[in-house]
1. Restricting to the stretch 109-132, give me the number of residues that are open to solvent by 70 Å² or more (accessible area, probe 1.4 Å), under 18 Å from the mean Cα position of the chain (by Cα) and within 20 Å of Ser56 (Cβ to Cβ).
2. Would you be able to tell me the number of residues in the stretch 34-64 that are aliphatic (A, V, I, L, M), outside any loop (DSSP other than H, G, I, E, B) and over 13 Å from Ala158 (Cβ atoms)?
3. Residues in the stretch 24-73 that are of a type outside the set (Asp, Glu) and open to solvent by 60 Å² or more (accessible area, probe 1.4 Å): how many?
4. Taking Val19, is it open to solvent by 70 Å² or more (accessible area, probe 1.4 Å), modelled with pLDDT under 95 and more than 24 Å from Arg152 (Cα to Cα)?
5. It is to be established whether one or more residues within the stretch 137-148 are part of a helix (DSSP H, G or I) and open to solvent by 50 Å² or more (accessible area, probe 1.4 Å).
6. List the number of the failed condition for Val159; all other conditions in (1) crowded, with 18+ Cβ neighbours inside 10 Å; (2) modelled with pLDDT of 75 or more hold.
7. Taking the condition open to solvent by 20 Å² or more (accessible area, probe 1.4 Å), farther than 28 Å from Asp132 by Cα and at pLDDT 95 or above, does Asp78 pass?
8. Going by what's in this entry, would Leu9 be described as modelled with pLDDT under 95 and either open to solvent by 80 Å² or more (accessible area, probe 1.4 Å) or under 24 Å from the mean Cα position of the chain (by Cα) (or both)?
Amino acid sequence: MKKNTLVVLALGLLGSAAVAAPVPVQVTDVAAIGNDNPIGNGSTLIADGLYPVEGSPWNGQESAYWKGNGKSITLSFDQVYELHDLVLSVDGNDSYLVEISSDSISWSQLLLVPLGWAGDARGMQTLDSRADTFDGWLSSVGATDFAPVLARHARISAVGGDNRYAVGELAFFGMPRPTAPTGGNGPAEQEAEVIPVPEPGILTLLAAGLLSAAFGLRRRA
């Protein structure tokens with residue numbers, strides 16, 4: 001009986017790991033605010049699913065580019081998501097700030113891309129938090145990865161560099177989360193908060209441990 005229970009628990013954890021895989025976050029609106037300088041190619045380009053070639057010019061056809069500080073581009077999602085990862089393509093010799101919000105009014109920092117982060121690399125460069133190299137990059141620039149967090153909106157701003165900025169793509173991956181009901185008219189968006197959620201890899205390890213224990217009981221039986 002104990003062996004069967006362990007097997008069932010292990011299979012349940014493996015199923016949870018499969019179901020819990022983050023999915024691409026769906027963007028429903030892209031808006032630019034800030035200085036009056038126009039955005040070359042249009043701001044919607046940062047959510048079209050296409051990435052500039054590494055090292056391509058900052059003002060190439062696959063980048064949304066502008067001049068001057070004080071401008072940001074905001075993404076609105078189709079629902080609240082528990083964000084797990086991001087992929088970001090930006091001009092490598094500038095600094096960028098990525099923020100998140102539940103209501104597009106109050107914003108919290110998610111990730112700061114510091115000045116000089118790309119070293120000697122020039123042109124458009126891509127950061128992917130799903131890659132094994134991401135943590136190494138974060139350590140080298142003194143930044144920190146982000147824990148799973150709830151959000152309905154995200155925005156990116158240029159915060160330093162040569163006053164010629166470009167974003168090729170800003171994509172998020174996470175788990176859809178229904179909005180929390182309130183006493184108001186309709187659902188209210190959840191406040192962005194850090195939530196400790198077991199990663200699929202951790203669930204897989206736990207399942208493997210339970211299966212090993214079950215087979216050990218079988219051999220002793």
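The values are calculated or read from the model by the stated rules, or taken from the named source; none is laboratory data. On a predicted model such as this, the values are computed, not experimentally measured, just so you know. When we count neighbours, we look across all protein chains shown, and the Cβ atoms used for this are built from the backbone with ideal geometry, even at glycine. These accessible areas exclude ligands, DNA and RNA; they are computed on the full protein's heavy atoms, side chains included. Shrake-Rupley method; radii C 1.70, N 1.55, O 1.52, S 1.80 Å.
1. 0
2. So the first thing to find is which residues in the stretch 34-64 are aliphatic (A, V, I, L, M), and the list is 39, 45-47, 50, 53, 64.
Applying the additional criterion that residues be outside any loop (DSSP other than H, G, I, E, B) yields 45-47, 64.
When the remaining residues are screened for being over 13 Å from Ala158 (Cβ atoms), the result is 45, 47.
Total satisfying the criteria: 2.
3. Final tally of qualifying residues: 17.
4. Answer is no for this residue.
5. Checked against the condition, which is being part of a helix (DSSP H, G or I) and open to solvent by 50 Å² or more (accessible area, probe 1.4 Å), the stretch 137-148 yields at least one hit.
6. Of everything listed in (1) crowded, with 18+ Cβ neighbours inside 10 Å; (2) modelled with pLDDT of 75 or more, Val159 misses just condition (1).
7. Yes: the conditions hold for Asp78.
8. Judged against the criteria, Leu9 is a match.
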